[in-house]
1. Which whole number gives the average, over all residues in A:168-180, of C-beta atoms from other chains lying within 10 Å of the residue C-beta?
2. What residues have an amide H closer than 5 Å to that of A:Asp25, excluding those fewer than 5 places away on the same chain, when H is modeled at 1.01 Å from N in the peptide plane?
3. With r as the distance between the Cβ atoms of A:Glu233 and B:Glu211 and R0 = 45 Å, compute the FRET efficiency 1/(1 + (r/R0)^6) and round to 0.05.
4. Subtract the Cα-Cα distance of B:Tyr183 and B:Val31 from 0.36 nm times their separation in residues, and report this length gain in nm to one decimal.
5. Simple spin-label model, 7 Å along Cα-to-Cβ: A:Lys250 to A:Ser27 in nm?
6. Mind checking which lysines have their Cα closer than 30 Å to the Cα of A:Lys250? Skip sequence neighbours fewer than 8 apart in that chain.
7. Could you check the spin-label model distance between A:Glu182 and B:Leu63? Points 7 Å from the Cα along Cα→Cβ, value in nm.
8. Thinking of the protein assembly as shown as a set of Cα atoms, what percent of all their pairs are more than 35 Å apart?
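Derivation of every value follows stated rules applied to the coordinates shown; laboratory data play no part. Just so it is clear, the structure is predicted and the values come from calculations on it, not from any experiment. Because the Cβ atoms are built from the backbone with ideal geometry, glycine has one as well, and the counts that use them run over all protein chains shown.
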Amino acid sequence: MSQQKPFIDIRHAKKSFGTLEVLKDISLQVERGQIVAIIGPSGSGKSTLLRAINDLDPLTGGEIWLEDKQINKSLPHRQYEKHINEVRQEIGMVFQHFNLFPHLRVRENVTLAPKMLKGLSDAEANALAEEQLTKVGMIERIDYYPSQLSGGQKQRVAIARALAMKPKVMLFDEATSALDPELVEEVNLVMKRLAEEHMTMIIVTHEMGFAESVCDRVLFMDQGVVVEEGPPEVIFRNPKNERTQNFLRKHLAGHKA
Amino acid sequence: MGLDFSVIPKYLDIVLLGALWTIAITVCAAVVSFFGGILLAVIALFAPALVRWPFRVFSFLFLGTPLLLQLFLIYFGLVQIGVDVPAFVAGVVGLGLHFVVYNSDLFQTSILAVDKGQIEAARTLGLSRWQALRKVVVPQAVRDVIPPIGNNMIALLKDSALVSVIGVSELTLSAQRAIGSTYRPFEFYVLVAAIYYIINLVMEAVLRRVERRIQASK
């Protein structure tokens, strides 16, 4: 059998802002349906790595591949824009601060991109919005404006908005960090449902318990490098590296305080 | 010579027709200045320098010279180079372009004030820069800037009196004509002031409704 290419293949990713190196030669392979958590202290580069995958923060070196397509390939400006807009349709992203479109109702938040980019009719787009909003338990709020929703509800709509483009992979950038503690669970539940459907996911998170229960693999990043990676039970119960141990100890202490 | 308002009814039709012209010119110039303002703001912020600079010069000229002079130039001046525009069109163009520049400044500020996360969210869905601007950023920017734009539109209504000098029979000029045949300036100027004031009240009421609707979506 020939060797299968990884679903997502990050090769020697480097990123610097001036003289500051944020990512120092990171490589990461993710298989289809795999769920990877990236943990680490702030400033470790974990969000930058995630944002590099859909080119929000372009790399300064290295390659990122999604299946047989190189995401950050070098092209003349116009062609690159066209290429990246196509690639981004296949990559869903969920932000810490939701970034729902406040001037649009929940329904239009979900239908905007499918209508513009996939040429869906109003009826098709509505059916799609209803399907996705049902999935995240937000169908009753379909005609609300984002300002009328709680943080947890906003984030669930943001997930539905991303899913409506039928992405191959979902990126979560600290999706629950901005939420009040009692609202975290409803978002985690939606993410768990996605995991059960074998959506490929890369999750930057501070929720160690969630990462442990949902993810197949955990990466611990610090100062722009992957310090340690492995299955959650190893990383959380039995980390080998001292920096990982220190981070987890501090993090757990912080949570108990 | 005392005041005699009894001359008014005889000339009321002329004055009201003038009011209609004032409304027409204000609405047309408002539409020009609104959409032109958005366009100019987007150009000023995002177009390549080569496109941007001519528009900057244009803005500077329109801001730095009197509106009255601009109207004279468009109506009386352009004829000499073969561009003969009707007075109404000259008025709409002059007023409209003058307020395009004011509105553009407001739109630019509000476009820049839209949260960066909004563009990021739109771009991650696959929208192009232009699509994100059109569907996500500009609508929010417009929404945020409606109250000051509304104030500009009220200023535009008042400045529309200036087009009387190029012969558009709007409210002020029709009052002058009525005065010309009755020699009753006080009566007609008071009448016309009252009509401007009423149009103003209506505009403010419309504006408040728009603001309330926008507020509901914030």
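1. Details: counts 0, 0, 0, 1, 0, 0, 0, 0, 0, 0, 0, 0, 0.
Average per residue, whole number: 0.
2. Counting only residues 5 or more places away or on other chains, the set is A:Lys14, A:Lys15.
3. Working: r = 57 Å, r/R0 = 1.26.
Computed FRET efficiency for B:Glu211 and A:Glu233 comes out at 0.20.
4. This chain segment gains 51.0 nm when fully extended.
5. 2.9
6. Output for A:Lys250: A:Lys14, A:Lys15, A:Lys24, A:Lys46, A:Lys192, A:Lys240.
7. That separation, rounded to one decimal, is 5.1 nm.
8. Cα-Cα pairs of the protein assembly as shown separated by over 35 Å account for 49 percent.
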